[in-house]
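**Student:** Just dropping this structure here.
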Amino acid sequence: MKRQDFIFIIGVLIFILLFVAIEPLKDWFLSWSAAKDWRAFVLAFLKFGILATLGECIGLRITQGVYNKKRFGVLPRALVWGVLGLCISIAMGIFASGSFGFLNQCGLDIAPQTIAEECFGTRLLYAFTVSVLMNTFFAPVFMTVHKITDTHIINTGGTLRGFFTPIPAKKIVCEMDWQRQWSFVFMKTIPFFWYPAHTLTFMLPGEYRVLCAALLGVALGIILSIANLKKK
């Protein structure tokens, strides 16, 4: 373990301990996580902005030996992940609610008010349904948008000023590796990682789902980095 790894790990542990040991911070986090108003969206922005960017930094360390480098653009990535996290939070709410209607049309009589009291099999079926619908209809668009913004960050030098220049989305889309996007990102990560991972997520109480989704983003970034390293 190098000195930079030691500093990185200590910094992450201190950050986590602040929310565990300091009661006001802990209470703030739990209350905002359970909120049903604008506070939940603000926290979703912060969770993804911090945790998903952290995952990308760890992935960079695994593949290239550093946590940051020129043109990587930590701040633009954090901003993008915050906005995407907000979109994920909205999508999770939409698909979590809409799945009740779909399952009821299929003959399963369940409701949001009573789902926590249902048997394990029913709750698992509900969670799996939400995961499949969300990742089938929302995830491909989300992943493509993320690829476009990621490419724009690199092309503009990883600076905030460069990021806020117009995004040449048409040019980036035309130059994307759609073979890999389809065969690996869509056809492998969605059914083999995101379907089961988000099934687990929707088995959790509502206040922990967005946090779990952000942590899964960290895990996937590490897994993909290891896979790319082995491929090389």
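The values are calculated or read from the model by the stated rules, or taken from the named source; none is laboratory data. Predicted model only: the values in this text are computed from it and were never measured. In this analysis, Cβ positions are derived from the backbone assuming ideal geometry, glycine residues included, and neighbour counts consider all displayed protein chains. These accessible areas exclude ligands, DNA and RNA; they are computed on the full protein's heavy atoms, side chains included. Shrake-Rupley method; radii C 1.70, N 1.55, O 1.52, S 1.80 Å.
**Student:** With every protein chain present, what is the per residue accessible area of the chain (1.4 Å probe, Å²)? If you can, show how the numbers build up before the last one.
**Tutor:** Working: 13440 Å² over 232 residues.
Normalised by residue count, the accessible surface of the chain is 58 Å².
**Student:** Run the simple label-point estimate for residue 222 and residue 1 please: 7 Å along Cα→C-beta, distance reported in nm.
**Tutor:** So the label points at residue 222 and residue 1 sit 1.3 nm apart.
**Student:** With all protein chains present and a 1.4 Å probe, how do 108, 75 order by accessible area, largest first?
**Tutor:** Of 108, 75, the descending order of accessible area is 75, 108.
**Student:** I've got another one for you. Suppose R0 equals 22 Å; then what is the FRET efficiency for residue 104 and residue 36 from their Cβ-Cβ distance, rounded to the nearest 0.05?
**Tutor:** 0.45
**Student:** Oh, and also: Pulled fully out, how much extra length does the chain show between residue 150 and residue 182, if you take 0.36 nm times their separation in residues and subtract their Cα-Cα distance? It would help to have the intermediate numbers written out before the result.
**Tutor:** Values: separation 32, 0.36 × 32 = 11.52 nm, distance 1.74 nm.
Gain on stretching residue 150 to residue 182: 9.8 nm.
**Student:** What number, rounded to the nearest 500 deg cm²/dmol, is the helix-based mean residue ellipticity at 222 nm of the chain, given -39500 (n - 2.57) per DSSP H run of at least four residues and division by all its residues?
**Tutor:** On the way: 10 runs with 169 residues, N = 232.
Helix contribution divided over all residues of the chain: -24500 deg cm²/dmol.
**Student:** Once every Cα of the chain carries one equal point scatterer and solvent is ignored, give the base-10 log of I(q)/I(0) from the Debye formula at q = 0.12, 0.15 Å⁻¹, two decimals.
**Tutor:** -0.76, -1.15
**Student:** How would 99, 183 rank on accessible area, largest to smallest, probe 1.4 Å?
**Tutor:** In descending accessible area the options line up as 183, 99.
**Student:** So for the chain, averaging the separation of alpha carbon pairs under 8 Å that are six or more residues apart and normalising by length, what relative contact order in percent results?
**Tutor:** 30 percent
**Student:** Heavy-atom accessible area of residue 207 with all protein chains present, probe 1.4 Å, nearest 10 Å²?
**Tutor:** 70 Å²
**Student:** Once phi is turned into θ = phi - 60°, what whole-Hz ³J(HN,Hα) does the Karplus curve with 6.51, -1.76 and 1.60 give for every residue of region 44-55, x standing for Gly and Pro?
**Tutor:** 4, 4, 5, 4, 6, x, 8, 6, 5, 5, 4, x
**Student:** So, one more: Over 23 Å between C-alpha atoms is what I'm after, so list which of 69/188; 47/147; 70/147 land there.
**Tutor:** Details: 69/188 29 Å; 47/147 20 Å; 70/147 19 Å.
Beyond 23 Å between Cα atoms: 69/188.
**Student:** Could you pull the accessible area for residue 195 with a 1.4 Å probe, rounded to 10 Å²?
**Tutor:** 50 Å²
**Student:** Measure off, as a whole percent, the carbon and sulfur share of the 1.4 Å-probe accessible area of the chain, all protein chains present.
**Tutor:** Values: 9500 of 13440 Å².
Carbon and sulfur: 71 percent of the exposed surface of the chain.
**Student:** Under 1.5 on a/c is rounded, so check that first for region 1-97, then, if it is not, pick prolate when a/b is larger than b/c and oblate when it is not; a ≥ b ≥ c are the square roots of the alpha carbon gyration tensor eigenvalues. Please report the intermediate quantities before stating the final value.
**Tutor:** Working: a/c = 2.90, a/b = 1.42, b/c = 2.05.
The shape class here is oblate.
**Student:** I would also like to ask the following. How would 1, 187 rank on accessible area, largest to smallest, probe 1.4 Å?
**Tutor:** Largest accessible area first, the list is 1, 187.
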